[in-house]
1. Answer yes if at least one residue in the range 240-251 is crowded, with 22+ Cβ neighbours inside 10 Å, in contact (Cβ under 8 Å) with a residue 40 or more places away in the chain and among the aliphatic types (A, V, I, L, M), and no otherwise.
2. Any residue in the range 139-147 that is closer than 22 Å to Thr297 by Cβ, touching a strand residue (DSSP E or B) at 6+ places or on another chain (Cβ under 6 Å) and crowded, with 21+ Cβ neighbours inside 10 Å?
3. Among the candidates Leu201, Leu177, which residue alone is closer than 23 Å to Tyr259 by Cβ, at pLDDT 95 or above, not in a loop (DSSP other than H, G, I, E, B) and not hydroxyl-bearing (Ser, Thr, Tyr)?
4. Hey, can you tell me all the residues within the range 44-60 that are within 15 Å of Gly299 (Cα to Cα) and in contact with a helix residue (DSSP H, G or I) (Cβ under 8 Å, 6 or more places away or on another chain)?
5. Asn219 is checked against (1) surrounded by 15 or more Cβ atoms within 10 Å (Cβ to Cβ); (2) out of contact with any helix residue (DSSP H, G or I) (no Cβ under 7 Å at 6 or more places or on another chain); (3) modelled with pLDDT of 95 or more and fails just one. What number does that condition carry?
6. Return the residues of the range 162-177 that are over 19 Å from His113 (Cβ atoms) and either surrounded by fewer than 16 Cβ atoms within 10 Å (Cβ to Cβ) or touching a Pro at 6+ places or on another chain (Cβ under 7 Å) (or both); say none if nothing qualifies.
7. Please work out which one of (1) in contact with a helix residue (DSSP H, G or I) (Cβ under 7 Å, 6 or more places away or on another chain); (2) buried (at least 20 other Cβ atoms within 10 Å of the Cβ) is the condition Val152 fails and give its number.
8. Would you mention how many residues in the range 253-299 are small (Gly, Ala, Ser) and under 24 Å from Thr190 (Cα atoms)?
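The values are calculated or read from the model by the stated rules, or taken from the named source; none is laboratory data. Please read these numbers as outputs of a predicted model, since none were measured by experiment. Every residue, glycine as well, gets a Cβ built from its backbone with ideal geometry; the counts of neighbours run over all protein chains shown.
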Amino acid sequence: MPILDRRRFLSLTAAGVAASSLPSFAMSPAATEEFSFLFVTDTHIQPELHATEGCSMAFKKARTLHADFAIQGGDHIFDGLAVPLSRSQELFHLYGETEQQLGLKVYHTMGNHDVIGLFPKSGLDLTDSNYGKSYFEDKIGPRHQSFDHKGVHFIILDSIGFTPERTYFGFLDEAQLQWLRTDLAKVSATTPVIIVSHIPLITAYAQYSAPPATPPTHNSLSVSNTYEILPLLAKHNVIGVLQGHTHVNECVEFNGITYITGGAVSGNWWKGIHEGTPEGFTVCTVKDGKLTTRYETYGFHADSV
């Protein structure tokens with residue numbers, strides 16, 4: 001199966017019946033135009049569990065929203081971490097072919113399941129040129145990036161850290177932190193800023209269920225060094241932080257910044273509703289100096305499991 005080139009990654013979004021609404025978030029007066037964009041995360045595409053059909057439903061429904069662009073919040077596929085390279089390549093190809101149904105510009109975020117061969121069971125050697133984040137960078141897009149749109153500055157982070165044991169945790173290394181400092185230094189204090197991170201910077205997700213019998217060695221639910229990032233954000237007009245990973249629709253406010261975790265296109269990994277959040281995505285609107293969001297479902301029904 002051919003490998004999808006980055007130029008063929010055109011788009012992503014999803015849409016449907018409004019499932020819920022989140023409040024608006026104030027920002028200082030700035031020269032912005034009204035626009036909408038889509039935050040589509042955790043598609044976890046695979047041939048099984050009708051995932052391809054579900055993604056297709058989401059993308060086709062999303063076409064009707066006429067957003068300016070989409071941001072894919074990570075975990076495009078299931079599962080690059082633990083399968084042979086050939087399977088990961090097939091999954092990324094499948095995702096790219098399906099995403100074309102949207103016909104919209106898409107910015108891509110690195111998710112933990114987008115990492116190639118991290119788990120030893122994948123059989124991939126550490127010296128393989130496709131190992132880790134290399135495949136994503138070569139075929140999909142940069143690990144982290146920033147761009148401007150109609151007066152708003154967007155920053156997409158790579159929140160996936162690696163442990164010596166070949167597993168992942170939420171983390172931004174020093175090189176990326178320095179890049180973030182440099183990028184923000186170019187942005188005025190009044191310019192609206194939107195941050196995107198696959199693994200949440202701040203979330204209450206760990207409070208929603210009983211803790212595991214054996215506490216994990218590393219924090220895989222949120223970014224471990226968010227405390228290093230918050231002082232950087234405090235100096236700027238951050239109007240929202242968009243996050244994925246936990247598959248729940250959640251909104252947490254801290255020190256005047258709202259952290260919006262979007263529900264997953266895949267819901268409970270294509271097995272139904274997850275923690276009360278059905279399959280869907282987030283529609284984002286910037287208007288009159290505010291960011292507002294709403295969560296949209298698209299009518300997917302998982303098989304009984």
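1. Yes, some residue in the range 240-251 is crowded, with 22+ Cβ neighbours inside 10 Å, in contact (Cβ under 8 Å) with a residue 40 or more places away in the chain and among the aliphatic types (A, V, I, L, M).
2. Within the range 139-147 (the criterion being closer than 22 Å to Thr297 by Cβ, touching a strand residue (DSSP E or B) at 6+ places or on another chain (Cβ under 6 Å) and crowded, with 21+ Cβ neighbours inside 10 Å), the answer is no, since none of the residues qualifies.
3. One residue alone meets the criteria, Leu177.
4. Correct list: Thr52, Cys55, Ser56, Phe59.
5. With (1) surrounded by 15 or more Cβ atoms within 10 Å (Cβ to Cβ); (2) out of contact with any helix residue (DSSP H, G or I) (no Cβ under 7 Å at 6 or more places or on another chain); (3) modelled with pLDDT of 95 or more applied to Asn219, the lone miss is (3).
6. Answer for the range 162-177, where residues must be over 19 Å from His113 (Cβ atoms) and either surrounded by fewer than 16 Cβ atoms within 10 Å (Cβ to Cβ) or touching a Pro at 6+ places or on another chain (Cβ under 7 Å) (or both): Pro164, Asp173, Glu174, Ala175, Leu177.
7. Evaluating Val152 over (1) in contact with a helix residue (DSSP H, G or I) (Cβ under 7 Å, 6 or more places away or on another chain); (2) buried (at least 20 other Cβ atoms within 10 Å of the Cβ) leaves (1) as the failure.
8. Adding up the residues that qualify gives 2.
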